[in-house]
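Novice: Here it is, the structure in full.
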Amino acid sequence: MRIDLSGRTALVTGSTQGIGLAIALGLARAGARVAVNGRTGESVGRALEGLGRELPGAELVAAPGDIATDEGARRVLDAAGHADILVNNLGIFGARPALEVDDDEWRHYFEVNVLTAVRMTRGLLPGMKERAWGRVLNIASDSAVVVPAEMIHYGVTKTALLSVSRGFAKEAAGTGVTVNSVIAGPTHTGGVEEFVYQLVDRDLPWEEAQRVFMREHRPQSLLQRLIEPEEIANMVVYLSSPLASATTGGALRVDGGYVDSILP
């Protein structure tokens, strides 16, 4: 299967590290011009430098800005230019007992995890519809379906993101634009390492801490290990391609079998 995204422009939000950075690399490797986003010019610059070393000659664009604000979103959209592919990857998470999550934290999670995707989709979907081709992908989580007791505020926002995806897919019906969610399972990133150590003994070496975390907190995983960011990126690159032209309005799982369901 050959995926060629030459001539396409992709914007990946929150792409200076982790899953977002892996997605940016995967799309660039497939030939897309990729706009890399982070809150600061410094973080974006470091990401671009690393991507350039990994993939010399890649067409990369700096798109710094805090997309949780209208002004920041405008700066990012202006830097990216017209985009054929939008990957709403930006998200925050963290463990906190349910009764300790106050209204401000609920609002903050909703703003970052849901409204940024709405804001960026609203900015780019009209152009995609006019050009009769486009891809919008929202990076959701297994927590959208199996809401974890230790972070229900995160789970609720990811559940909302599935509805956002389905709704915008209907808005794009018949236009040549597809909108989908990717349900990512427990994934090995720096942020997740910190999260794991919130739940297991910090004195444990990482490999042992990971095993304890999966055994005690994610025992339903059929993969029985954390997913690597590149494995999420592979699904995103496919869904971004012409090969996925008949897939829209879906929530596709790259979860290591974590969600106990026979449906996608």
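The values are calculated or read from the model by the stated rules, or taken from the named source; none is laboratory data. Everything numeric in this text was worked out from a predicted model, so none of it was measured. Note that each Cβ is placed from the backbone with ideal geometry, even for glycine, and that neighbours are counted across all protein chains shown.
Novice: For the range 27-139, please list each of the helices (runs of 4 or more DSSP H) lying entirely inside it that holds at least 3 residues being more than 23 Å from Glu194 (Cβ to Cβ) and either among the hydrophobic types (A, V, I, L, M, F, W, C) or out of contact with any strand residue (DSSP E or B) (no Cβ under 7 Å at 6 or more places or on another chain) (or both). Spell out the reasoning first.
Specialist: Values: elements: 41-54, 70-80, 103-110, 116-131.
In the range 27-139, 41-54, 70-80, 116-131 are the helices (runs of 4 or more DSSP H) which contain 3 or more residues that are more than 23 Å from Glu194 (Cβ to Cβ) and either among the hydrophobic types (A, V, I, L, M, F, W, C) or out of contact with any strand residue (DSSP E or B) (no Cβ under 7 Å at 6 or more places or on another chain) (or both).
Here's the yes/no breakdown for (1) under 23 Å from Thr187 (Cβ atoms); (2) over 15 Å from the mean Cα position of the chain (by Cα); (3) at pLDDT 95 or above:
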residue	(1), (2), (3)
Asp70	no, yes, yes
Ala73	no, yes, yes
Ala80	no, yes, yes
Asp84	no, yes, yes
Asn88	yes, no, yes
Gly94	yes, yes, no
Thr116	yes, no, yes
Lys129	no, yes, yes
Arg135	yes, no, yes
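Novice: On to the next question. Taking Gly20, is it within 24 Å of Leu162 (Cβ to Cβ), in contact with a helix residue (DSSP H, G or I) (Cβ under 9 Å, 6 or more places away or on another chain) and either of a type in the set (Val, Ile, Thr) or part of a loop (DSSP other than H, G, I, E, B) (or both)? Walk me through how you get there before you give the answer.
Specialist: Details: within 24 Å of Leu162 (Cβ to Cβ): yes; in contact with a helix residue (DSSP H, G or I) (Cβ under 9 Å, 6 or more places away or on another chain): yes; either of a type in the set (Val, Ile, Thr) or part of a loop (DSSP other than H, G, I, E, B) (or both): no.
Against the criterion (within 24 Å of Leu162 (Cβ to Cβ), in contact with a helix residue (DSSP H, G or I) (Cβ under 9 Å, 6 or more places away or on another chain) and either of a type in the set (Val, Ile, Thr) or part of a loop (DSSP other than H, G, I, E, B) (or both)), Gly20 does not qualify.
Novice: Helices (runs of 4 or more DSSP H) wholly in the range 188-253 with at least 2 residues that are among the aliphatic types (A, V, I, L, M), out of contact with any Asp or Glu (no Cβ under 9 Å at 6 or more places or on another chain) and closer than 30 Å to Asp4 by Cβ - which ones? Show your work before the answer.
Specialist: Details: elements: 190-199, 206-217, 229-239.
The qualifying helices (runs of 4 or more DSSP H) are 229-239.
Novice: What are the pairs, 6+ residues apart or on separate chains, where a residue within the range 213-242 that is on the phi > 0 side of the Ramachandran plot has its Cβ under 7 Å from a residue that is buried (at least 18 other Cβ atoms within 10 Å of the Cβ)?
Specialist: Filtered contacts from the range 213-242: Gln224/Met214.
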